[in-house]
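Single-structure report; data block below.
The values are calculated or read from the model by the stated rules, or taken from the named source; none is laboratory data. The shown structure was predicted, so the numbers you read here are calculated from the model rather than taken from an experiment. Glycine gets a Cβ as well: all are built from the backbone with ideal geometry, and neighbour counts include every protein chain shown.
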């Protein structure tokens, strides 16, 4: 009886781990050369969809202490097109640049399927 109770207790503790949600996005960080100032480097955050459809609502670096560039230099007519929010299909990605120097500790991607945190 004691063995059965112990087995049941272990099964109940492990069960949530087996059903943990897999992140619907892949988050990456890289350093790239600044196209306007070749001696300077910028950090770029990549967010790739691993779901059939997902909306990226925000990207928060170091709990908001490292701002990102949400408005790229892409225009529709005379209006700039924001990167965020952005709806991505499977395999598509967006890349945002971190403004200024920043030592990245974490990136939180807020999506239509929940928040996903990557720590460095």
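Each row is one residue, and each column tells you yes or no for (1) over 14 Å from the mean Cα position of the chain (by Cα); (2) surrounded by fewer than 17 Cβ atoms within 10 Å (Cβ to Cβ); (3) at pLDDT below 95; (4) more than 21 Å from residue 91 (Cα to Cα).
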residue	(1), (2), (3), (4)
44	no, yes, yes, no
56	no, no, no, no
61	no, no, no, yes
72	yes, yes, yes, no
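All conditions in (1) farther than 25 Å from residue 114 by Cα; (2) free of Cβ contacts under 8 Å to residues at least 24 places away in the same chain hold for residue 28, with the sole exception of (1). Would you mind stating whether residue 78 is at pLDDT below 90 and on the phi < 0 side of the Ramachandran plot? Considered against the rule, which asks whether it is at pLDDT below 90 and on the phi < 0 side of the Ramachandran plot, residue 78 comes out as yes.
Across the stretch 83-120, what is the total count of residues that are assigned to a strand (DSSP E or B) and closer than 12 Å to residue 56 by Cα?
Summing the residues that are assigned to a strand (DSSP E or B) and closer than 12 Å to residue 56 by Cα in the stretch 83-120 gives 15.
Checked against the criterion of being in contact with a strand residue (DSSP E or B) (Cβ under 8 Å, 6 or more places away or on another chain) and on the phi < 0 side of the Ramachandran plot, the candidates 63, 44 yield just one match: 44. When 105, 23 are screened for being touching a helix residue (DSSP H, G or I) at 6+ places or on another chain (Cβ under 6 Å) and either modelled with pLDDT of 85 or more or buried (at least 16 other Cβ atoms within 10 Å of the Cβ) (or both), only 105 passes.
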